[in-house]
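What follows is a set of notes on a single structure, which appears directly below.
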Amino acid sequence: MSRNLPDRPNLEFLKKEAKALLDSWQRTDPAAQLADAQHALAREYGFASWPKLKTHVDAAAAAAAHPLAGRWVADVAQSKRHPANQFQRAIINFAVNGNTVKIDDEFVDEAGAVIRNHNTIVADGAAHPTPNGFVVIATWHGRHALDTVATKNGEVVGRGQYAVSPDGRRLTISANEGDQVIVLDRAAAVSQ
């Protein structure tokens, strides 16, 4: 039997469902284990294992929490890369908690070197200094767009916008009036 997960699956409900399945099994087989029930339930939902089901549910919850949250992979062919940043590949992870946006990115540059960065933006419209001497002002425009302005020594050195499509599947990062436009697709949570 194969079942479909709801659009917003709930891990606590699935745990209770696995426990109920275990209770049912233990009536006829007292040696039945919770891990077996979890595995069987995951298989019913089309996943190879309970950890894969859990990872999928966790990713869906993160994506539902905020449209920007989650893992994004650059579509290099659709992107307009800056001449000084001809990256080969880019993956960006966003975690959004209220107005705090944590960004972990990994780029493979033109020479094949892997470059990793971690940044935190506070999107409250106020000026926030960064460890590298910049000051960033970030402002939400609804739930699908975040605008940023970076200054150094009082002068604007960069502007950017992070815009998520209405369906939540595509992210476009525009910098400095279109000098660079990175188009990213939401990464699949986990292959089933």
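The values are calculated or read from the model by the stated rules, or taken from the named source; none is laboratory data. Note that this is a predicted model, so its numbers are computed, not measured. Ideal geometry is used to build each Cβ from the backbone, glycine not excepted, and the neighbour counts take in all protein chains shown.
Please pick out the residue among Asp147, Asp124, Asp167, Asp105 that is of a type outside the set (Ser, Thr, Tyr), assigned to a loop (DSSP other than H, G, I, E, B) and at pLDDT 95 or above. Can you show your working first?
Values: Asp147 fails: assigned to a loop (DSSP other than H, G, I, E, B); Asp167 fails: at pLDDT 95 or above; Asp105 fails: assigned to a loop (DSSP other than H, G, I, E, B).
After ruling out the rest, the residue left standing is Asp124.
If a residue must be outside any helix (DSSP H, G or I) and of a type in the set (Val, Ile, Thr), how many such residues does the range 32-90 contain? Give the steps one after another, and end with the answer.
Start the filter on the range 32-90 by keeping residues that are outside any helix (DSSP H, G or I), which leaves 32-33, 45-49, 66-75, 79-90.
Imposing the further condition that a residue be of a type in the set (Val, Ile, Thr) reduces the set to 73.
So the answer is 1.
Does the range 108-119 hold any residues that are assigned to a strand (DSSP E or B), surrounded by 13 or more Cβ atoms within 10 Å (Cβ to Cβ) and not hydrophobic (A, V, I, L, M, F, W, C), and which are they? First the steps, then the outcome.
Keep residues of the range 108-119 that are assigned to a strand (DSSP E or B), which gives 108, 114-119.
Going one step further and asking which of them are surrounded by 13 or more Cβ atoms within 10 Å (Cβ to Cβ), we end up with 108, 119.
Of everything in the range 108-119, just one residue is assigned to a strand (DSSP E or B), surrounded by 13 or more Cβ atoms within 10 Å (Cβ to Cβ) and not hydrophobic (A, V, I, L, M, F, W, C), namely Asn119.
In the range 107-134, the residues that are assigned by TED's automatic domain parsing to the domain that holds Gly160 and on the phi > 0 side of the Ramachandran plot form Cβ pairs under 8 Å with partners that are loosely packed, with under 14 Cβ neighbours inside 10 Å and not in a loop (DSSP other than H, G, I, E, B), at six or more places apart or across chains, as follows: Gly133/Lys152.
Going through the range 88-102 one residue at a time, which ones are under 12 Å from Leu184 (Cβ atoms) and buried (at least 16 other Cβ atoms within 10 Å of the Cβ)? Give the steps one after another, and end with the answer.
Start the filter on the range 88-102 by keeping residues that are under 12 Å from Leu184 (Cβ atoms), which leaves 89-94.
Correct list: Ala90, Ile91, Ile92, Asn93, Phe94.
Of the residues in the range 136-151, not one is of a type in the set (Ser, Thr, Tyr) and closer than 22 Å to Ala187 by Cβ. Please verify whether the range 45-60 includes one or more residues that are in contact with a strand residue (DSSP E or B) (Cβ under 9 Å, 6 or more places away or on another chain), under 27 Å from Ala145 (Cβ atoms) and not assigned by TED's automatic domain parsing to the domain that holds Gln180. Yes - at least one qualifying residue is present in the range 45-60.
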